[in-house]
Every structure is written in C-alpha cells, then in structure tokens.
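Asker: Take a look at this one; I'll ask things after.
The values are calculated or read from the model by the stated rules, or taken from the named source; none is laboratory data. Since the model is a prediction, treat every value here as computed from it, not as a measurement. Cβ placement follows ideal geometry from the backbone for every residue including glycine, while neighbour counts extend to all protein chains displayed.
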Amino acid sequence: MRIAQAADALGITPVFGVSEADRDAPYTRGREVVVLGKARATESYLNRERVVQAAVQSGCTALHPGWGFLAEDPVFASLVEAHGVTFVGPPAHVMAAMGKKTPAKRAMAAAGLGVIEGSEGVLADAEQAAEVAASVGFPILLKAESGGGGRGMRIARSLGDVHAAYGEAQAESAACFGDSRLYLERLLERGRHVEVQLLADRYGNVVHLGARDCSVQRNHQKLIEESPAPTVEPAEMARTFEAAVRATRDIGYVGAGTMEFLLAEDGRLRFMEMNTRLQVEHGVSEMLMDVDLVTAQLRIAAGARLELSQEQLKPRGHVIECRINAEDPARGFAPTPGKVTRFGPPLTPEGARGDIRVDTHAEPGYVVGPHYDSLLAKLLVRGADREDARKKMIEALDAFVIEGVSTTIPFHRAVLSSEAFSRGEYFAGELPGFTAPSETVAGEATSP
Amino acid sequence: MTHVPLNSIGRLRSAFLDDALYEEQRAELGALEARLEERRAEVQAGWGEKYVERVHDKGKLTARERVEQLKDPGTRVFEVGTFVNYGRQFGKLRSPGAGVVTAFAQVEGRHVMVIANDNTVASGAWWPMTPEKIQRAQHMALELKVPVVYLVDCSGLFLPEQSRSFGGARGAGHIFKMNSLLSQAGVPQIAGVLGDCIAGGGYMPIISDRVYMTEQAYMVIAGAALIKGAKSQKITSLDIGGPEVHVHASGCADIRVPDDETLLACIRAEVARLPSTAIDYYRGGTGPMDPAQPARELAGIIPSDARQVYEAEEVLARLVDQGLFWEVMPDIGREMICGIGRVSGLFTAFVINRQGLVDDPEHAKRRRPAGILYRGGIAKISAFSRACESDGIPLVWLQDIAGFDIGAEAERHGLLAYGSNLIYTNSEKKSPVFTILLRKASGAGYYAMAGLPYDPIVQLSTPISRLSVMEGRTLAIATYNTKLDDDFEIVTKDPEERAAIEQGMREVEQRIEADMDPYVAASRLDTDEIVRLDEVRPWLEALIEMSYQGIGARRVKNPRIWSMHDLHELTEGLE
C-alpha cells in the first residue's frame, strides 16, 4: 500500500504480488495483481521462484520486497537480479555479510562503531570461552554462529557456569542449525533498544535520518517506537551517527537500512545488527524528517542520487508510533481474527496538518485472516516535544474507533499514561504501566 | 537471453539424508580425515624439534614460520605437494614434503605462490622429486599468472641421491628454465635468500626480478668446502658469496637486510607495489557469498564406500555461492551435470558425474548406471568444455567416474571417437581447468575428465579418492579370466588349485587397493594435494580468485558475449 502510493507519486505502475488469501484485499482494488500461489506463505510469499517468475512474466523492471518474508533473503535478491529485475534493496552480498554475526560485527568495529565486547569470532572450545568470558566480565551469553530465534543460546553468570553452558549451547546449535560453532558476548541485561535509520545511494552518498527508540517490546515484537531517542547523550548520539554513516559507506550499502544498537547503562551505544530492509517503524523517521523513504528507495534503485544532504535534513519535534494489532492484551496478546465492523481512524485536528498519520490497509468490513501477522494500523503522532507527543498520542488513541475485533489500543493507552513511560525510565522488554493479567488460573497451573 | 539464468539448487540436508545415516557417513570419513591431519602434522614437523632449534639458534626462522610471516594475517595458506615423497625412504633418511614448502598464500591482498626450502630437512637440500615439486608449483604460477616468491635456504642437491634428480628432462636444472619461462611470460618473481644458496640453488633467485639477501645469506656456484678441495683455499662461504659480494661487487642481488623478519617485510612491500587484483572487478557488482547449504556437510553427504550413491546436485549446491546454478543442456546425457555458478562471486563452470541410475536414452523405459561415460554425456561435456574455453570461464571437473561404457553397443556407437574428441578438446585448453577427484577416478574416465595427464592447473584428491586404471576386483577377475565361469566363480573343483586361485585373486585385489590409496598418488606427484571434503570449497575460492586475479593474461568474456548462450539456445530452443 505504502509502496504503491510511492510508485503512484513517481508515475510508476505497480503490480501487486499477492497470495490467494489476499487477492481481494482492499489495497488491491483497481490495481494490477499477480497471484503468487496459495495462502500458505511457503507457496506464495516465501516461494522465491514464484515471486521472481511473477515479476518477469508481468514485465516488471524492479521488485520491492516489502518488509517481511523475502526482504532480507540474499538468495532471493540474487535470483531477482539474475533474471533481469532490479531488486529494491542493498546488493545481495552486502545483505549476506550483514546476515552473518561475525563479519557484520567486524565491519562495524572497523568503522568505529561500539560493539558488544566478546570473542573475536568463533570460539575454539570451552577453555577459550572461559578465558574470553573472564576478560569481558560476567554475565556472558554464548550464541550459535549460525543461529537465530533465541535457539542455541545460553547464559553463564560465573566462571563455574561456562563449561556446562558451552556444552548445552553447542549441542542445541548442532541439533538446530547443523553447526556447533559458538561465539560469546557480554550479556547486557538492562538496556534500551535504539536504532539508526540510514539511506544510501549507489554512489557512496549516505545520510542518517535520526534514531528511534523501540524499547517497548513484547517477545521481541516492537509495540511503540519514538524518535529522537530520548535517553541517549547528545555526544554519544553524534559519534554514533557519524560512525554509522561511515560504516554504511564502507560496506557498500545501497538503499534504506537500519542499524540496531543496545544502549547500555554506561550510556554507550553498542551495535547489535543491521536490518537490510525498510522496517515497519520507518514512518517514525519519515515524519520526523519530512521525507518519504519508500520513494527514496525506488529512486535510488533506479539509479538516482540522494536528494537531500545531511545538513538539509532537520528533525521537527518528536514522533511516537503505536502499532495497533488485532490482539487481545487481556488474554496474553492472543490474535483475534475476525471481521472489522467499524473502523474510524482519528482525524487530524485543524491546524495540525501532518502531525497525525495512520498507515493502514484496513477498512470497515476488513477480515483479519489467520495466515499472517495481525498488524491493523500504525498510528503516528508528532508533538513539539516528547511530552506534547505523548499527550497527543493518548488523545488520538481515544479517538481511534475499531470494532469487531479486540485490539492493542487499551494497552497503548495504559503504557503512554504511565509515570515510567513519561519519565522514560524503563528497559527494553519491559512494558511500563501494563500489568499482564495472571496467565494461569488455579487448576491449570498443576496440569502438565 | 543474455542473463545467466541462475536458479536455486539443493535442499536442507535433512530433506534427503536422515541424521543417523549422515552421522554414520560423517564418522566413517572422520577417521580418514583424522589420519590426513596426523600425516599433515608429520610432514610439517620436518625432521623434528631438534632441527627447528638448530634453525632458531642461527637466528633464522623455519620455512613454515617464514610463510606464516609473509602472508596476510588471518588468511589461509593452501599448500600443494605436501605428500610428495611420503613414505619413501632414502637409506635411513626420509624427506618430508621433499624438503620444500610450496603453497598459495595471500600477500597484501594478492594471491601468490610461495616456494620455500624446508630448512628443517637436511638444510633445505633437494631430494629426488624436489625439482619436480618445485617445477609443478612454478607451472601452476605460470598458468595462473600469479607472482612467485622464492624463500631460498638450500644446501644444494642431496648428494648421495644426486643422480636421481639431475639428468632428466625434469631434473633440477629445469627449475631455472621455469624461472626463465615465468620471466618471459611476465609473471613477477621475487626472491629472498635467507641462508645457504649453493650450486643449482644459486641460479634459482638470480632470474627473479628482485633479490633480497639477509646478512646470513650467501649465493655461490661452489661453497667453501669445495673450494678447499679444488683450490686449496681456506675461505668462508659468506666471504665467497655473501651480501658484501653480491649486493655490492657482483650485482647478483639487489638489497641486503639484517634478518629474516626484515626480508619478509620487504617482500610484502614489493608485492604491494604490484597492480592490485582484478577479482572484485570481475565479480561484476556482486560479492563473495557462501553456499546456501553449508559446504562442510559434503563430508557427510558423500559416502566413503564408492559403491554407495549420493545426489550430485547436493554436492554442487554446497560448492556454488548461494546454491545458485545454471544447468546447461540438462536433458542430454543425464549421467553428467554441467553448468555455471559463482564461486567467491566469480563465474565458474562445473562438470560432475551423477550417481545411481538414470534413464537410458537408447532403450525406452530402461535405466542404466550413471558415473559412467556414454555417448550423450561425452558429447555434452565436450561441447561444454569448448564453450568454457571460448568464454574464458574456469572449469572445475568433479570426478566420481567408473570409466567409459564398454561392450558391443558402446563400440558400435564409436565411444573411442567420442572420447578422442573430448580428449582433443581438453588438450588444447588455455582457460583455467581444475580437477577434483571426489571419489572414483577410474580408467579412461580419469583421462577424459581432465585428470592430471591432461594438465589441469591443480588436481586435488580427497581422503576417499580412488585413482586407478580399474578396480582391484575387476583386475583380479580379468587376470584369472580363464579360470572363472560366467558368474565369476572358480571353475575347478580341486581344493588345492582353488585355494591357489583364491589367494592369487586376493593378492591382485589387495595390491591394486593399496595403490589406489591417495597418499601413494600424492607421494608420486600423481595428484597435487589431498584435501578434506569440507576444504574443497575454500580451495575452490582460492583457485577461482587466482583465475581472475590479473587482467590481460587470458580471455575473460562478459556473459553477454558468451558462446554458452548459443549452446543453450541450440539445445533448449529459443525462448
């Protein structure tokens, strides 16, 4: 939807590749559509060959992968290019390098970014793990070199734990990923999730579009994002921006990308990973900087130079985004598929043009399907400062009408109204102001 | 169609091979790999700790320490000829690695060939096979046009065996002819003299473009001992041919440096002055990427038992970047797969034998064993090899081949002529060719698929390679043919005669089996190196990068003007 609007603005005819489940989705109305396959993602959105074939057969010159599914798959990017279609994103080899832990970390450290202290690449054995652990300090986290999704990871809180943790992590990695190699990092438990939005053209011109704080997360699922990042010292932020831009140029990055950092209690930003795609929360930076990232992506893919220099990019106020999902916060955020009977986004108040934005594909009558994620809308609000934005967001949430399915609006209202949120005192993974209802009822707790 | 229409090949290992069988095969190979590692360590130890200390006491580094200091930190060294002379005895002595280290290494981001006399083995003397090993390394460098670095520390020919490495067409003196040919071809040669450099050794550095000498080094036609004998003069070798003489008086060397460390740093600086590599240019905007499925799984996918089958596509999928491959002429000669993928981001052609059964195009509804050369397959790989030659695409042959098809039908088809055609094609190749003996390399199949007699630049064996004219069992049957019936059972009923035939057959089989041992081939220089299966991919990366390192040295066409596309259109029809 966002991408189609950007294409329209540039005078490009978009073709939607959709699954059978989405063929009648509201956003496809009046659009050229290619059906990729069945609703199951493995037979449609995740099937590289089908997507490439669809692009070639419909005569597309470029393919925008969106922000999920194949957007970070370097094999897909290569396949697209091999068949004469321009991939809207970074070159496949840059994507591949950023997808691997050790090379990515090494490249970032070389460009002067802070990284999480740990082993120099893969560990030889438990002995070496113990040595490195002792030098970086406990607790430490052992991670699978080929891992992901939290598997093959073990925490060791003291030297005595290292051997056992190493053995377990190794066994689990071998079983899950067929690769038992491990590396080690200092575990920074209380921190904030801060990320820097970057944009690069094909000619080595790189700009940053500020930093977003996405610390309000549940199970690594971001729920609230804001920009600028409220708790980073200006000097540390400036140093990181500069190094992030340099790193982006050094690795030959092209297009929009995000570097994720952990802001530890010592006030330093440490690189965690680079997302080589446009993220769901990109709108926060767009609103803050008054740019259109999707349009920029398409222009860059077509070979255009960056239009704005760093000096021309000026942040305006403070932006907060809430992701409104068809989930029931009272029931452990369980998905609530069904039909949306009423759908009324808040209206922009007089004189506040451009200060409220709603990104959505939903409308009255829209059916939330069971196949994909439950995101209904993204609500973005700009204020003069953080406090102003927070208040305006609460007002906007109050005005947002969605009926037919349960949503996360009550959750957002609770968080934003909380003391902890307004003072900015919470760590990544915490949900300030929100108390989860007890998940187990008596009787259930004893069942196996 | 001018794109290179790469497609994803290969599946998750668990989709075609269950854990139990994979682990079993991995373990079987593991034992062979452990033996390989043990033997490598044995060769690398030279004559042992005592001799290492002796070198250190002189304030010098050992050959392997020199290579370590010369190369870029963190990069891998690819040694060739490790097992030359392995298991050979010269009187009471052995010559690990034939007393010389020959290895591809990266220096200042450029691949070079390093030839370093092993000063822990008889002071770097030349043994029988040492000249051949050095010449082989020089030949690789000449073909690939990669710079050569000589680290000379050599006491001359090992004289008790002098007659075995002196007079022949590949005798010691041919090394200097190779020096000359390298120079003629414009391949940079840089020499460091770090100790003795006597007689023949004296010529080796001189032809190099730049010659460095340490203060411990001397180069002489004849050393102090010989002068004393011939001219009754008492004079040290350093006086006769040290840096004082050669850097200043004779001009046979360019620069004198205090020690090994300084010399190695100077050579690094020389290499840095050479043009940088074209590798990234030829990647055409992309970069090196790993195979989508891990290359190390090869070690559990290919069974050690040569009678067991595996899927050749799964091997390819673990060798090419991202598992992306364009199979050319897929419907012809299905016993072979040929096509193109990238290795380290560079276009690379592959030919591999399928295993198991394939449809028999001669007889509808019949199937026949793959891993054998039939008419269709030979024609296909011959045409493919010619297209690679025409397009300048490096070609990698992955052999697991039992030989040519035999019998009346095969002869009627004229397999002799088809084979000769292929042999002619492979004989006139100028584009880079590399051969890997994955497993079986039998009979004329070994020749037809560019075995070492057809001059691949490098030929690698694995711990499970079986190089032979025929399998031991086959030869045993052929030898005792007249004594066997149609089911290969012994005809005679006489128990004594039976026992004699049985023993004879067993002996033939065992002798052939022993000769098929890859270490036997490597010891004779019938193959260049034995590598673990999980090392095949890193080796290929290095070899392919070297194929694209220089510009102007050979034909490299961009894919728009590949004749490979014509081949594709002619066999697949216009799209």
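Asker: Please work out which residue is farthest from the other protein chains (Cβ to nearest Cβ), limiting yourself to region B:2-11 and to residues that are surrounded by 13 or more Cβ atoms within 10 Å (Cβ to Cβ) and at negative phi. Give the derivation first.
Answerer: Residues of region B:2-11 that are surrounded by 13 or more Cβ atoms within 10 Å (Cβ to Cβ), as a first pass: B:3-11.
Now narrow it down to the ones that are at negative phi: B:3-9, B:11.
On the way: B:His3: 5, B:Val4: 6, B:Pro5: 6, B:Leu6: 4, B:Asn7: 7, B:Ser8: 6, B:Ile9: 11, B:Arg11: 13 Å.
The selected residue is B:Arg11.
Asker: Is it the case that region A:116-129 has a residue that's in a loop (DSSP other than H, G, I, E, B) and within 12 Å of chain B (Cβ to nearest Cβ)?
Answerer: Yes, some residue in region A:116-129 is in a loop (DSSP other than H, G, I, E, B) and within 12 Å of chain B (Cβ to nearest Cβ).
Asker: Cβ-Cβ under 6 Å, sequence separation 6+ or interchain: first residue in region B:524-544 and touching a residue at least 60 places away in the same chain (Cβ under 8 Å), partner assigned to a loop (DSSP other than H, G, I, E, B) and among the hydrophobic types (A, V, I, L, M, F, W, C). Which pairs?
Answerer: Matching pairs, first to second residue: B:Leu525/B:Val84; B:Arg537/B:Leu319; B:Trp539/B:Val531.
Asker: Right, here's the next one. Among the helices (runs of 4 or more DSSP H) confined wholly to region B:373-447, which include 1 or more residues that are acidic (Asp, Glu)?
Answerer: Working: elements: B:375-391, B:408-413, B:415-427.
Once the helices (runs of 4 or more DSSP H) in region B:373-447 are filtered for at least 1 residues that are acidic (Asp, Glu), what remains is B:375-391, B:408-413.
Asker: Regarding B:Leu298, is this residue touching a residue at least 12 places away in the same chain (Cβ under 8 Å), more than 12 Å from chain A (Cβ to nearest Cβ) and within 30 Å of B:Arg64 (Cα to Cα)? Don't jump to the end; show me each part of the working.
Answerer: Details: touching a residue at least 12 places away in the same chain (Cβ under 8 Å): yes; more than 12 Å from chain A (Cβ to nearest Cβ): yes; within 30 Å of B:Arg64 (Cα to Cα): yes.
Yes; evaluated as a whole, the condition is true for this residue.
Asker: Quickly run through region A:69-108 and pick out the residues that are aliphatic (A, V, I, L, M) and without any contact (Cβ under 8 Å) to a residue 60 or more places away in the chain. Talk me through it step by step, then tell me what you get.
Answerer: Taking region A:69-108 first, the residues aliphatic (A, V, I, L, M) are A:70-71, A:75, A:77, A:79-80, A:82, A:85, A:88, A:92, A:94-98, A:104, A:107-108.
Residues satisfying the conditions are A:Leu70, A:Val75, A:Ala77, A:Leu79, A:Val80, A:Ala82, A:Val85, A:Ala92, A:Ala96.
Asker: Taking the stated definitions as given, is B:Gly285 surrounded by fewer than 21 Cβ atoms within 10 Å (Cβ to Cβ), within 14 Å of chain A (Cβ to nearest Cβ) and at pLDDT below 95? Outline the logic, then answer.
Answerer: Details: surrounded by fewer than 21 Cβ atoms within 10 Å (Cβ to Cβ): yes; within 14 Å of chain A (Cβ to nearest Cβ): yes; at pLDDT below 95: yes.
Judged against the criteria, B:Gly285 is a match.
Asker: Next question. Based on this model, can you work out whether A:Ile12 counts as within 23 Å of A:Met274 (Cα to Cα) and either more than 14 Å from chain B (Cβ to nearest Cβ) or outside any helix (DSSP H, G or I) (or both)? Working first, answer last.
Answerer: Details: within 23 Å of A:Met274 (Cα to Cα): no; either more than 14 Å from chain B (Cβ to nearest Cβ) or outside any helix (DSSP H, G or I) (or both): yes.
For A:Ile12, the condition - within 23 Å of A:Met274 (Cα to Cα) and either more than 14 Å from chain B (Cβ to nearest Cβ) or outside any helix (DSSP H, G or I) (or both) - is not met.
Asker: Among the numbered criteria (1) over 23 Å from B:Tyr212 (Cα atoms); (2) of a type in the set (A, V, I, L, M); (3) modelled with pLDDT of 95 or more, which single criterion is violated by B:Leu93?
Answerer: Here B:Leu93 meets the rest and fails (3).
Asker: Which residues, taken from region A:176-220, are outside any strand (DSSP E or B), under 30 Å from A:Glu127 (Cβ atoms), over 23 Å from the mean Cα position of the chain (by Cα) and touching a residue at least 40 places away in the same chain (Cβ under 8 Å)?
Answerer: A:Arg181, the sole residue that qualifies.
Asker: Restricted to region A:65-108, and to residues that are acidic (Asp, Glu) and within 12 Å of chain B (Cβ to nearest Cβ), which residue is farthest from A:Thr258 (Cα to Cα)? Break it down into steps so the answer makes sense when it comes.
Answerer: Narrowing region A:65-108 to residues acidic (Asp, Glu): A:72-73, A:81.
Those still in the list that are within 12 Å of chain B (Cβ to nearest Cβ) too: A:73, A:81.
Numbers: A:Asp73: 16, A:Glu81: 23 Å.
Looking at residues that are acidic (Asp, Glu) and within 12 Å of chain B (Cβ to nearest Cβ), I get A:Glu81.
Asker: If you scan region B:12-24, which residues turn out to be within 14 Å of chain A (Cβ to nearest Cβ) and within 29 Å of the chain's Cα centre (by Cα)?
Answerer: Those that are within 14 Å of chain A (Cβ to nearest Cβ) and within 29 Å of the chain's Cα centre (by Cα): B:Arg13, B:Tyr22, B:Glu23.
Asker: Looking at B:Leu452, B:Leu467, can you tell me which residue is modelled with pLDDT under 95 and within 15 Å of the chain's Cα centre (by Cα)?
Answerer: Details: B:Leu452 fails: modelled with pLDDT under 95.
Selected residue: B:Leu467, the only one of B:Leu452, B:Leu467 that is modelled with pLDDT under 95 and within 15 Å of the chain's Cα centre (by Cα).
Asker: Next question, about the same structure. Given the criterion within 14 Å of chain B (Cβ to nearest Cβ) and buried (at least 18 other Cβ atoms within 10 Å of the Cβ), identify the matching residue among A:Gly152, A:Gly178.
Answerer: Details: A:Gly152 fails: within 14 Å of chain B (Cβ to nearest Cβ).
A:Gly178 is the lone residue from the list that is within 14 Å of chain B (Cβ to nearest Cβ) and buried (at least 18 other Cβ atoms within 10 Å of the Cβ).
Asker: Being under 18 Å from B:Glu270 (Cα atoms) and either of a type outside the set (Lys, Arg) or touching a residue at least 60 places away in the same chain (Cβ under 8 Å) (or both): is that true of B:Val101 here?
Answerer: On the way: under 18 Å from B:Glu270 (Cα atoms): no; either of a type outside the set (Lys, Arg) or touching a residue at least 60 places away in the same chain (Cβ under 8 Å) (or both): yes.
For B:Val101, the condition - under 18 Å from B:Glu270 (Cα atoms) and either of a type outside the set (Lys, Arg) or touching a residue at least 60 places away in the same chain (Cβ under 8 Å) (or both) - is not met.
Asker: Among the residues of region A:43-54, what is the count of those that are away from chain B (no Cβ under 13 Å) and either surrounded by fewer than 22 Cβ atoms within 10 Å (Cβ to Cβ) or of a type in the set (Gly, Ala, Ser) (or both)? Spell out the reasoning first.
Answerer: Pass one, region A:43-54, residues away from chain B (no Cβ under 13 Å): A:43-45, A:54.
Still in the running and either surrounded by fewer than 22 Cβ atoms within 10 Å (Cβ to Cβ) or of a type in the set (Gly, Ala, Ser) (or both): A:43-44, A:54.
Looking only at that region, the number is 3.
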